[in-house]
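Colleague: Below you'll find the structure I mean.
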Amino acid sequence: MSIGPLMVDVAGTELTSVDRELLNHPLVGGIILFTRNYRDPDQLTALIKNIHALRIPPLLVAVDQEGGRVQRFRDGFTLLPPARLFGQLHDQDANMSCRLAESSSWLMAAELRAVGVDISFAPVLDLDHGVSSVIGDRAFHHAAEVVGELGRAWVLGMRRAGMAATAKHFPGHGAVRGDSHHLLPVDGRSLEDIRHHDLKPYERLIRLELAAVMMAHVVYPVVNAQPASLSQRWVESELRRRLGFEGVVFCDDLSMRGAAGAGDYVKRALAALDAGCDMLPVCNSRSGVISIIQAMGGYKNPMSQWRLSRLRSRKEISWKELHSSREWREARAALERHYAGSDFKLEI
């Protein structure tokens with residue numbers, strides 16, 4: 001069975017018969033998990049094992065596990081600091097901050113791999129322009145060069161753990177006040193300004209063979225009238241052709257208000273696919289997923305399927321083996337040393 005373009009969610013900590021029927025549909029290629037799907041590491045491992053066993057090739061299992069405010073699995077997992085703390089350390093000691101970012105991203109990805117998760121939607125490459133509450137401390141820094149350095153370290157740490165990285169939110173969500181979960185933000189800057197600042201970290205990571213990018217539900221009217229997530233101008237012209245990106249393009253969640261201007265769920269999905277996105281998360285709307293499936297019939301994109309197949313994680317390791325490893329202990333100790341005196345408290 002092929003890997004379809006839809007990434008969907010489920011309601012609980014176990015799969016229902018209705019969930020299984022949906023996840024076996026050929027238009028579904030992935031599942032995104034949330035806090036509601038998590039009780040403890042053993043339960044999560046069993047859930048993901050059941051998801052992977054449904055199909056060949058297995059569905060991609062994803063989660064938002066950035067650290068700070070955006071960490072879906074907490075009790076039993078290492079709590080990670082928000083990205084801003086790595087940027088603050090960079091202002092004091094650039095080399096140390098990059099080493100800590102790499103070991104922390106390895107820690108994040110290794111723990112997820114130990115329970116079977118394929119991808120975490122990280123790192124955030126948005127610049128902290130000082131106006132966005134939804135981005136805020138999720139951004140490493142306000143300077144593009146620093147974000148590029150820490151983003152590179154984050155990608156390398158995830159890669160060392162056997163997990164592909166997904167940089168977000170292209171071309172940049174940090175210069176708008178609005179939250180695209182609730183409205184469509186508008187960024188009135190010029191293309192030259194965006195290229196000179198927000199796109200610099202992407203240029204650096206794409207040279208590092210970045211595996212995936214997630215688009216922003218933000219409109220940049222000087223460049224294009226559509227949100228970047230639904231825009232060929234941004235996906236095909238800027239990201240793929242000008243920057244030379246060859247990896248997977250994720251749309252941001254089509255349930256967000258930032259995508260609603262395109263119309264109903266079917267119109268949003270068709271617009272995202274037409275723009276060049278490979279996979280479309282549709283969260284917290286089972287009816288929206290069903291409507292897309294009913295409308296799209298036997299849709300297939302062999303190039304997208306090939307790109308998505310490359311996101312499969314590597315390096316299987318058990319939860320017990322990970323926790324007994326020297327690298328896991330050292331990564332946690334490094335976080336404790338640097339953040340023992342801050343408001344952030346490391347827990348497990």
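The values are calculated or read from the model by the stated rules, or taken from the named source; none is laboratory data. None of the values given here were measured: they were computed from a predicted structure. Cβ sites come from the backbone with ideal geometry, for glycine too, and all protein chains shown count toward neighbours.
Colleague: Of all residues being touching a Gly at 6+ places or on another chain (Cβ under 9 Å) and of a type in the set (Val, Ile, Thr) in region 260-292, which is surrounded by the fewest Cβ atoms within 10 Å (Cβ to Cβ)? Just the residue, please.
Modeller: 266
Colleague: Given the residues 74, 69, which is the only one that is touching a Gly at 6+ places or on another chain (Cβ under 9 Å), closer than 24 Å to residue 140 by Cα and not assigned by TED's automatic domain parsing to the domain that holds residue 145?
Modeller: Every option except 69 fails the conditions.
Colleague: Oh, and also: In region 1-58, which residue that is in a loop (DSSP other than H, G, I, E, B) and among the β-branched types (Val, Ile, Thr) is farthest from residue 255 (Cα to Cα)?
Modeller: Residue satisfying both the conditions and the ranking: 56.
Colleague: State all residues of region 235-258 that are outside any loop (DSSP other than H, G, I, E, B) and out of contact with any strand residue (DSSP E or B) (no Cβ under 7 Å at 6 or more places or on another chain); if no residue qualifies, say none.
Modeller: In the first step, residues of region 235-258 are kept if they are outside any loop (DSSP other than H, G, I, E, B); the result is 235-242, 248-250, 257-258.
The answer is 236, 237, 238, 240, 241, 242, 257.
Colleague: I would also like to ask the following. Got a number for residues in region 113-126 being in contact with a helix residue (DSSP H, G or I) (Cβ under 6 Å, 6 or more places away or on another chain) and among the aliphatic types (A, V, I, L, M)?
Modeller: Qualifying residue count, region 113-126: 4.
Colleague: Against the definition (more than 20 Å from the chain's Cα centre (by Cα) and either surrounded by 17 or more Cβ atoms within 10 Å (Cβ to Cβ) or in contact (Cβ under 8 Å) with a residue 60 or more places away in the chain (or both)), how does residue 223 come out, yes or no?
Modeller: yes
Colleague: From the list 104, 2, 17, pick out the single residue that is among the hydroxyl-bearing types (Ser, Thr, Tyr), closer than 17 Å to residue 165 by Cα and out of contact with any Cys (no Cβ under 7 Å at 6 or more places or on another chain).
Modeller: 104
Colleague: Ok, one more. Of the residues that sit in region 1-28 and are in contact with a Ser or Thr (Cβ under 8 Å, 6 or more places away or on another chain) and closer than 19 Å to residue 299 by Cβ, which one is surrounded by the fewest Cβ atoms within 10 Å (Cβ to Cβ)? Step through it out loud before you land on a result.
Modeller: Within region 1-28, the subset in contact with a Ser or Thr (Cβ under 8 Å, 6 or more places away or on another chain) is 3, 5, 10, 26.
Right, trim to closer than 19 Å to residue 299 by Cβ and you get 3, 5, 26.
Values: 3: 26, 5: 25, 26: 15.
Here the residue is 26.
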